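Each remark here refers to the structure printed beneath this line.
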Amino acid sequence: MSEFKQLVFSGVQPTGNLHLGNYLGALQKFVALQDSHDCIYCVVDLHSLTATLVHDDLKEQTRSIAAAFLACGLDPEKNIIFNQSRVPQHAELAWVFNCVARIGWMNRMTQFKDKAGKDRENASLGLLAYPSLMAADILVYRATHVPVGDDQKQHLELTRDIAQKFNNDFSHRIAELGYGVEMQVGEEAVNGFFPLTEPLIEGSATRVMSLRDGTKKMSKSDPSDLSRINLTDDADTIVRKIRKAKTDPAPLPGDIEGFVGRPEADNLVGIYAALAGISREKVIAEFGGKQFSEFKPALAELAVETLAPINAEMRRISADLGYVDGVLREGGERARQRAEETMKKVYEIVGLLAD
């Protein structure tokens, strides 16, 4: 009996500039994964329609995300890099999953509640159902692993629920067609067509918070540009934003316990540790007891040293639209071949006359 081949999938929405949190929490890890895993990285442009239907610059934003992938070190030969709308099988499988998933499952999604707010009746159906499209993004390639942050764990759990319900509902058809693949569910080895995708956590999780409010995650959608360091920011802008980052009057504490109740200080030390690739304890050993007026210039210098080469490479790559479009086009063709194979089998399993 065959087993699922390990495959990593991840997608990034083309809404707003990528920032330091995206780099430390995702892109840096993507680059490390490409040497050990088969990886597919997608600019999920269809998902951006759930936030704002009409975009003036969606193509440019899509190219910008792709340029960031490449500038951070993702190799288009080693990985498949493409934009979602080039592969219609994402939307085809999402419709099948809309019929598999339950409305109650969607209503429980925390991000829908947050984004829809109090006016849920006026939210788009796409906003409610987009976790189903996210599940299709992953499972149309039968990906086994997804690098996820805390805010996406619930959606990955939903993806597993959808996969398991599909496998259960069509278990006889899957067996008749010989499309079952062995996987472990708890202590039991079972057959299924879709894998129960696992979260992939590489090293310690890096959660970068806003420079203006240490209790909120750094976000592309924050109205204040001072809340984040964009990958497109030049050196002077990075230095200015770190200098203006919110802090408190007390010096940096001499131990981890001293950060309790000091989220901004905790955030800046965490950023320094992540950029330097060292533990927070080592940062505290060097800067504990010192004022922010001494720590911030060191952090700014480290941030510029890390991000300036990425910024320069992004500008160089973005200036060559033919190259960026070529990477996305070729990646789309490679992705479509895999997705077509999956959808052909899905239609057979479901019983649709589609050949």
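The values are calculated or read from the model by the stated rules, or taken from the named source; none is laboratory data. As the structure is a prediction and not an experimental result, all values here were calculated from the model. Using ideal geometry, Cβ is built from the backbone for each residue, glycine included, and neighbour counts are taken over all protein chains shown.
Of note:
- Criterion violated by residue 183 - all others in (1) buried (at least 16 other Cβ atoms within 10 Å of the Cβ); (2) in contact (Cβ under 8 Å) with a residue 40 or more places away in the chain; (3) assigned to a helix (DSSP H, G or I) satisfied: (3)
- In the set (1) polar (S, T, N, Q); (2) at pLDDT below 95; (3) within 30 Å of residue 36 (Cα to Cα), the condition left unmet by residue 89 is number (2).
- Residues satisfying the stated conditions in segment 277-309, i.e. in contact with a helix residue (DSSP H, G or I) (Cβ under 6 Å, 6 or more places away or on another chain) and not polar (S, T, N, Q): 280, 283, 287, 295, 296, 299, 300, 302, 303, 304, 308
Conditions (1) of a type in the set (S, T, N, Q); (2) closer than 23 Å to residue 28 by Cα; (3) in a strand (DSSP E or B), marked per residue:
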| site | (1), (2), (3) |
| --- | --- |
| 199 | no, yes, yes |
| 213 | no, no, no |
| 275 | no, yes, no |
| 281 | no, yes, no |
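- Count of residues meeting criterion [aromatic (Phe, Trp, Tyr) and over 22 Å from residue 23 (Cα atoms)] in segment 241-286: 1
- Among residues of segment 44-78, those that are closer than 18 Å to residue 27 by Cα and touching a residue at least 40 places away in the same chain (Cβ under 8 Å), counted: 19
- Considering segment 44-104, the qualifying helices (runs of 4 or more DSSP H), each wholly inside and each with 3 or more residues that are assigned by TED's automatic domain parsing to the domain that holds residue 125 and more than 30 Å from residue 167 (Cα to Cα), run over 58-71.
Table: residues versus (1) among the polar types (S, T, N, Q); (2) outside any helix (DSSP H, G or I); (3) farther than 28 Å from residue 99 by Cα; (4) over 25 Å from the mean Cα position of the chain (by Cα).
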residue: 302; (1), (2), (3), (4): no, no, yes, no
residue: 306; (1), (2), (3), (4): yes, no, yes, no
residue: 329; (1), (2), (3), (4): no, no, yes, no
residue: 352; (1), (2), (3), (4): no, yes, no, yes
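- Subset of segment 167-180 [closer than 15 Å to residue 140 by Cα and in contact with a Gly (Cβ under 8 Å, 6 or more places away or on another chain)]: 167
- Within segment 82-95, at least one residue is among the hydrophobic types (A, V, I, L, M, F, W, C) and over 20 Å from residue 350 (Cβ atoms).
- Yes/no for residue 10 being farther than 25 Å from residue 242 by Cβ, in contact with a Pro (Cβ under 7 Å, 6 or more places away or on another chain) and buried (at least 22 other Cβ atoms within 10 Å of the Cβ): yes
- Applying the condition of being small (Gly, Ala, Ser) and outside any helix (DSSP H, G or I) to segment 232-252 and asking which residue is surrounded by the fewest Cβ atoms within 10 Å (Cβ to Cβ) yields 250.
- Among the residues of segment 317-332, those that are in contact (Cβ under 8 Å) with a residue 40 or more places away in the chain and surrounded by fewer than 15 Cβ atoms within 10 Å (Cβ to Cβ) comprise 321, 329.
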